[in-house]
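Taken together, the values in this text are just the output of simple stated rules run on the coordinates, not laboratory data. This structure is a prediction, so every number in the text was calculated from the model and none was measured. Here the Cβ positions follow ideal geometry from the backbone for every residue, glycine too, while neighbour counts run over all protein chains shown.
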Amino acid sequence: MSRTKTNASKETLQEENERYVLAMAAANDGLWDWDLRTGKIFFSPRWKQMLGFEENEISQIPDEWFDRIHEEDKDRLRTMLDAYLNNDTSSFEVEYRIKHFNETYRWMLIRGLAVRDSNGKAYRVAGSQTDITDKKLSEEKSIHDALHDMLTGLANRTLFLDRIRQILKKRERNPKLQFAVIYIDLDRFRLVNESLGHVHGDELIILTGNRLKGSVQPGDTVARLGGDEYSILMEDINNVDQATEMAEKIQSALSKPFSLGDKEVFSSGSMGIAYSNIDYERPEEILRDAELAMYKAKRLGKSKSVLFDKNFRRSPISPIDLDTDLRRALDRNEMSIHYQPIISLRDGSISGFEALLRWKHRIRGNISPSEFIPLAEETGLIYELGQWVLYQACLQTLYWNNERDQDKPLELSINLSGRQFTDPNLVKGVLDNLENSGLKAENLKLEITESVLMENAPRSIEMLNQLKELDIKVCVDDFGTGYSSLSYLHTFPIDTLKVDRSFVTDMGRNYKNMEIIRTITMLAHNLKLDVIAEGVETAEQHAQLSALGCQYAQGFYFSRPIDSNDASNLIQLDRRW
């Protein structure tokens, strides 16, 4: 080789080295390079700086890295690294915590790539390390906010039910374990709210929560279920007397005057107690019984506590008698479907409808779905009701689509309960109704709550894949109220996230709710998913959601759920919001 070519090669190599050095110096990530043959690791200056160390304060040995890893993360990182080096996995990427010079832990995302010999054995592995502490803290805050009441900081209904679910699992292992749920509804709260205003009403809600927290034992859970309703989970008690004594203690705490502005206000609560002597299987069951007992207390004159009795379920305050009324409701034509329009925020047009089951009892009048749906699930009637709703709504949507531009078909959204989603005949039932009605599968969207998906994530993925193969869309309902699905979300074959109404309702004055919606919207966009916001009631909320990039919305601002005739008229008006 000529001297000229040799010099040119050296210059090229020098340029490449300089380019590498400049790139490494400019990179925000820390770089590392581990020679597995010598055992030495090169840590870039930025890698050391990220942990608060100077250049000469960290040597080139693996212990400098692994000894700083959080104990809870160390085994996981080593296991995943070994699996990658042994060619058991195709990539190496781990989130973990590592100790900073100031003794705090920082969250890092580490990625690596191995160099292998002709036999596939790794002899060198190098990669980058990114500080993701702020992202992790933001995620943790979002998760905390999704599980706690924004006003009081207490556990919300989602977290409370999860705590009950956990103790029910403990009781399976230890049948002697006893617990109780106390359901509390403030007496005369509406009077305070209306006479002193919402500001002082909110203040009373907060002060009541503080008194409840001060009354319970460590380990017990206090939750705000909404409005002026609270609940307490007493774990690992010895007998029911402890629960009744706790109710008396709470009543005493609430009886002391509250100072609201320049007013002195007296309050009390009606309380229902449900005890674990009944073989409860689902958390909703014991909470329902505690609520029934609370209603009994109100009927007895308020400011009282009542222990649940099974006869309460057959009393006038029991929502329904499933074995008779609900089973006959379809035969008596008491069931109907109402449709709430889903609005495209791009052009203000109706993009589809959510079908909602309604029951007008011949004697009791309108019965809330929140009352009869859980009970229908318990008896198995939910599948028959679901099939009826699906077929009728598919027929109606097909009729609407046949009357409009074929390039702009309306989409039908149907809610699936937990019992429906776990039914082995679900996919066949959906397919049969599509074929019998004639509605195209691509015009159907099934809505499933976050908590139902996470009860058995692997099975959920399998079920969703079957639905997707049929071109049926899937929406995660009440998104943001759960907490486990964040890490699984990218693996679920879904199309849409529906933001829970609890975040939309207060978004105007609660910046935290606004930020949660913004985060959910950005997350959905990154995952190529659509976002629907439910519970939109004001023009301000409409404008804010549009500004946040939310694609669809529904709520009373656009229309309440209406019958099929009114929905047809609304479609013909072709209104733009």
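Taking the Cα centre of the chain as the origin and placing charges on Cβ (Lys, Arg +1; Asp, Glu -1), which of I342, A567, G219 is farthest toward the positive end of the dipole?
So the residue furthest toward the plus end is G219.
Under a point spin-label approximation (7 Å from Cα along Cα-to-Cβ), what is the L431-N86 distance to one decimal in nm?
With each label point 7 Å from Cα toward Cβ, the separation is 4.1 nm.
Viscosity 0.890 mPa s, temperature 25 °C: give me the Stokes-Einstein translational D for the chain in µm²/s, with Rh taken as the Kirkwood radius over C-alpha pairs.
The Stokes-Einstein estimate is 88 µm²/s.
Antiparallel versus total DSSP beta bridges in the chain: what percent is that, nearest 5?
70 percent
Tell me, what is the FRET efficiency for N526 and E442 to the nearest 0.05, using R0 = 30 angstrom and their Cβ-Cβ distance as r?
Once rounded, the FRET efficiency stands at 0.80.
Only Cα pairs under 8 Å and at least 6 apart count here; give the relative contact order of the chain as a rounded whole percent.
Normalised by residue count, the contact order of the chain is 9 percent.
Treating the beta-carbon of each Lys and Arg as +1 and of each Asp and Glu as -1, no other charges, what is the dipole magnitude of the chain about its Cα centre, to the nearest 20 debye?
Here the chain has a charge dipole of around 380 debye.
Calculate how steeply helix 3-26 sits against the longest principal axis of the alpha-carbon atoms of the chain, using the helix alpha-carbon long axis, and give the answer as 0 to 90 degrees to the nearest 10.
Orientation of helix 3-26: about 30 degrees from the principal axis.
For the range 322-573, what does the alpha-carbon gyration tensor say about shape, rounded, prolate or oblate, given a ≥ b ≥ c as the root eigenvalues, a/c under 1.5 as rounded, and a/b over b/c as prolate?
rounded
Hey, got a sec? Which chymotrypsin sites (Phe, Trp or Tyr not before Pro) in the range 194-302 land in a DSSP loop and have at most 14 other Cβ atoms within 10 Å?
F266
Suppose each label sits 7 Å from its Cα in the direction of the beta carbon; what would the Q242-I278 distance come out to in nanometres?
It works out to 2.1 nm between the two label points.
Rounded to the nearest 500 deg cm²/dmol, what is the calculated helix-only ellipticity per residue at 222 nm for the chain, with -39500 (n - 2.57) per DSSP H run of length n ≥ 4?
Value at 222 nm, helices only: -13500 deg cm²/dmol.
Compute the length gained on full extension between S370 and E172: take 0.36 nm times their separation in residues and subtract their Cα-Cα distance, giving the result in nm to one decimal.
68.5 nm
Listing D477, D347, D423 from the residue with the fewest other Cβ atoms within 10 Å to the one with the most, what is the order?
If I rank by nearby Cβ atoms, fewest first, I get D347, D423, D477.
Using only Cα atoms, find the angle between the long axis of helix 283-299 and the longest principal axis of the chain, and express it within 0 to 90 degrees, rounded to the nearest 10.
So the inclination is approximately 40 degrees.
Given a Förster distance of 35 angstrom, what is the FRET efficiency for Q466 paired with D566, based on the Cβ-Cβ distance and rounded to 0.05?
0.50
At a Förster radius of 22 Å, what calculated FRET efficiency corresponds to the Cβ-Cβ distance of S336 and F556, to the nearest 0.05?
Once rounded, the FRET efficiency stands at 0.70.
What's the longest bit of the chain with no exposed GluC sites (Glu not before Pro), using DSSP loop states and at most 16 other Cβ atoms within 10 Å as the test?
Between the exposed loop sites, the longest stretch runs 104-280.
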